[in-house]
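Trainee: Dropping the structure in here first, questions after.
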Amino acid sequence: VQPEPVFGGRVDTAAALSGAAAMGLVRSAHPRAYEILAGLLADPEVQARIGAAEAAAHGAPHVVSPLLRLRALVGDPEPRVLGACFAALLEVDGERALEFVARFLDVPSDEVQEAAALADGESRLDAALALLCAWRERSPFRDADRVAFLALALLRSEAAVDHLLDVVRSAKPAPARQALHALAPL
């Protein structure tokens, strides 16, 4: 912890370092790594919580999966923390975590929906394709097309690219533009 004065209070400028240290502890199998990781997942600083979730992706699944699921279920005021938890959970649990993360596609927060969709896409799991397509169809989220198409592009699968190309070929110009934009980096 390195508290530094800022206008209206203090901020921990070592929060990102805490996450990096957690990564080192997890990767070196330090005996207290998971205890420290659990504490960091509840840290008041956003960067420490994100770093802890990213470090968890390199831990033993039977230990980190429950920690990540609990953090997600409790929620976080910062959607980036949940996104890091979703991504780490999909990394350690693979397809077993897809349904859990998919539950967050229907929460009232647009930012959490986006974090869940992008984590599904980054997982590169084939089963995420159907989940993301179904979410796009039912979602009232204003940017669902943009986010779903980006998540599909992140899958980097032939089926996902084919789906995006089908949308581009469709007669609807707005979704076609967004699908094309998602395909651009590929």
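The values are calculated or read from the model by the stated rules, or taken from the named source; none is laboratory data. Keep in mind that what you see is a predicted model, and the values were worked out from it rather than measured. Counting neighbours? That spans all protein chains shown, and the Cβs are built from the backbone with ideal geometry, glycine included. For the accessible areas, the whole protein counts, side chains as well, though only heavy atoms, and no ligand, DNA or RNA atoms are used. Shrake-Rupley method; radii C 1.70, N 1.55, O 1.52, S 1.80 Å.
Trainee: For L37, all conditions in the list (1) assigned to a helix (DSSP H, G or I); (2) farther than 30 Å from L152 by Cα; (3) open to solvent by 20 Å² or more (accessible area, probe 1.4 Å) hold save one; what is the number of the exception?
Mentor: (3)
Trainee: Let me ask something additional. Quick one: in segment 1-45, which of the residues that are within 20 Å of the chain's Cα centre (by Cα) and of a type in the set (D, E) is nearest to V74 (Cα to Cα)?
Mentor: The selected residue is D43.
Trainee: Might you let me know whether segment 13-20 holds any residue that is outside any helix (DSSP H, G or I), touching a strand residue (DSSP E or B) at 6+ places or on another chain (Cβ under 6 Å) and either under 29 Å from A148 (Cα atoms) or open to solvent by 40 Å² or more (accessible area, probe 1.4 Å) (or both)?
Mentor: Checked segment 13-20: at least one residue is outside any helix (DSSP H, G or I), touching a strand residue (DSSP E or B) at 6+ places or on another chain (Cβ under 6 Å) and either under 29 Å from A148 (Cα atoms) or open to solvent by 40 Å² or more (accessible area, probe 1.4 Å) (or both).
Trainee: I'd like the residue in segment 40-58 that is out of contact with any Ser or Thr (no Cβ under 9 Å at 6 or more places or on another chain) and not in a helix (DSSP H, G or I) and, out of all such residues, is surrounded by the most Cβ atoms within 10 Å (Cβ to Cβ).
Mentor: The selected residue is A57.
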